[in-house]
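The values are calculated or read from the model by the stated rules, or taken from the named source; none is laboratory data. Since the model is a prediction, treat every value here as computed from it, not as a measurement. Positions of Cβ are generated from backbone atoms using ideal geometry, with glycine treated the same way; all protein chains shown enter the neighbour counts.
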Amino acid sequence: MNLGALDHLLKLKRYRELVSTMMSTELPCKNSEMVVSVFQQLRIRQKLHLALSGHSEEELLPLIDFLRLNLFQSAYFDVLYEVVNIFFTVYAEESVSVKVLQSFEALQDEIANEIQLQKQMCKALGVLSTCRSK
C-alpha cells in the first residue's frame, strides 16, 4: 500500500512525528487501512515503542479512539494488538490527564468485554459441537 505523504516521515525516521501527523488529520476516520499500514511498517522496523511515546493529550485521544474502533477488526487485529500492548507499556507509568485516563479505561473495558464475548462464543461452540457429535 502506498503511504503517500506519510512515507516521507517514515523514510526520515521521524516516527513520533509520523504518528502525530497521522492522528491530527482525518485519516484515521477515512482510511483506517492506511493507518494500520503505517503501524505495520513501524512494527516491522521495531519502532512502535519510539513512535508511540511522548505524545500530548491532543495526540493521544484520537489514537485511543482509533484503537477502540478498530482493534477487533479481524483484518487489523494482529497489528493493532501489538500497538495496544506497547501503548499500555509506554503510558503505564506516565502521568496523563484525566481525559486520557478515562479513554485508557474505556479501551481496557472494551478489551475486557471482547474477551468475555469470545469466552461465551467458545462455550456456545463447545455446546454445539457436543450436540452435533451425539
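Any residue at all in the stretch 69-89 that is over 11 Å from the mean Cα position of the chain (by Cα) and not small (Gly, Ala, Ser)? Yes, the conditions are met somewhere in the stretch 69-89. Among residues of the stretch 6-25 that are touching a residue at least 12 places away in the same chain (Cβ under 8 Å), those with a beta-carbon under 6 Å from a residue that is of a type in the set (Gly, Ala, Ser) and in a loop (DSSP other than H, G, I, E, B) at least six positions away or on a different chain give the pairs Arg16/Gly54. Of the residues in the stretch 45-68, not one is among the aromatic types (Phe, Trp, Tyr), in contact with a helix residue (DSSP H, G or I) (Cβ under 6 Å, 6 or more places away or on another chain) and farther than 19 Å from Val100 by Cα. Within the stretch 95-108, the only residue that satisfies the criterion of being exposed (fewer than 12 other Cβ atoms within 10 Å of the Cβ) and either hydrophobic (A, V, I, L, M, F, W, C) or modelled with pLDDT of 90 or more (or both) is Val98.
Can you tell me which residue in the stretch 18-33 is surrounded by the fewest Cβ atoms within 10 Å (Cβ to Cβ), limited to those that are modelled with pLDDT under 90 and closer than 19 Å to Ala75 by Cβ? Ranking the candidates gives Lys30 first. State yes or no: is Ser37 at pLDDT 90 or above and surrounded by 15 or more Cβ atoms within 10 Å (Cβ to Cβ)? Taking the combined requirement at face value, the residue satisfies it. Restricting attention to the stretch 73-94, the residues being modelled with pLDDT under 90 and either over 20 Å from Glu17 (Cα atoms) or charged (D, E, K, R) (or both) number 3. Only a single criterion out of (1) farther than 16 Å from Glu94 by Cβ; (2) crowded, with 17+ Cβ neighbours inside 10 Å; (3) out of contact with any Lys or Arg (no Cβ under 8 Å at 6 or more places or on another chain) is not satisfied by Tyr15, namely (3).
Would you point out the residue of the stretch 76-92, among those that are in contact (Cβ under 8 Å) with a residue 24 or more places away in the chain and under 17 Å from Gln41 (Cα atoms), that is surrounded by the fewest Cβ atoms within 10 Å (Cβ to Cβ)? Among those that are in contact (Cβ under 8 Å) with a residue 24 or more places away in the chain and under 17 Å from Gln41 (Cα atoms), it is Glu82.
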